[in-house]
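Down below is the structure, laid out as structure tokens.
The values are calculated or read from the model by the stated rules, or taken from the named source; none is laboratory data. Quantities reported herein were computed from a predicted structural model and do not represent experimental measurements. Note that we place each Cβ from the backbone using ideal geometry, even for glycine, and neighbour counts take in every protein chain shown.
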Amino acid sequence: MFELTACNIIGYLAAICMILGYMPQAIYTIRTRDTDGIALPTFLLMGLGGLFFIIQGFMTDNWPLVITNFITTTSSMIVFGIKLYNDYFKKK
């Protein structure tokens, strides 16, 4: 069952901060398609890092880790996809 411990509280606060940190950039990029100030490797590596955290979350049965990183990885991959399209296909 769910236990309200200091460790769980810190984990949930971290999850909220991570999601709220990713969402403004993802929403802005989806709406405007503006990716000029975004570094392609950054969002690739952030997406891969999130994917590895999802795997770790499944392996340790840590659902907050899985859910948080699913949301942030999805956001990173959307931004990465738009950036890739803008840099290599749209401008040619």
Subset of region 65-92, residues loosely packed, with under 14 Cβ neighbours inside 10 Å and over 23 Å from residue 30 (Cβ atoms), comes to none
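For region 47-62, state whether one or more residues are of a type outside the set (D, E, K, R), touching a Gly at 6+ places or on another chain (Cβ under 8 Å) and in a helix (DSSP H, G or I).
Residues of region 47-62 that are of a type outside the set (D, E, K, R), as a first pass: 47-60, 62.
Okay, now just the ones that are also touching a Gly at 6+ places or on another chain (Cβ under 8 Å), so none.
The answer is no, given that none of the residues of region 47-62 is of a type outside the set (D, E, K, R), touching a Gly at 6+ places or on another chain (Cβ under 8 Å) and in a helix (DSSP H, G or I).
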Over region 37-84, the set of residues at pLDDT 90 or above and among the acidic types (Asp, Glu) is none
Within region 14-60, considering residues that are free of Cβ contacts under 8 Å to residues at least 40 places away in the same chain and polar (S, T, N, Q), the one nearest to residue 85 (Cα to Cα)
32
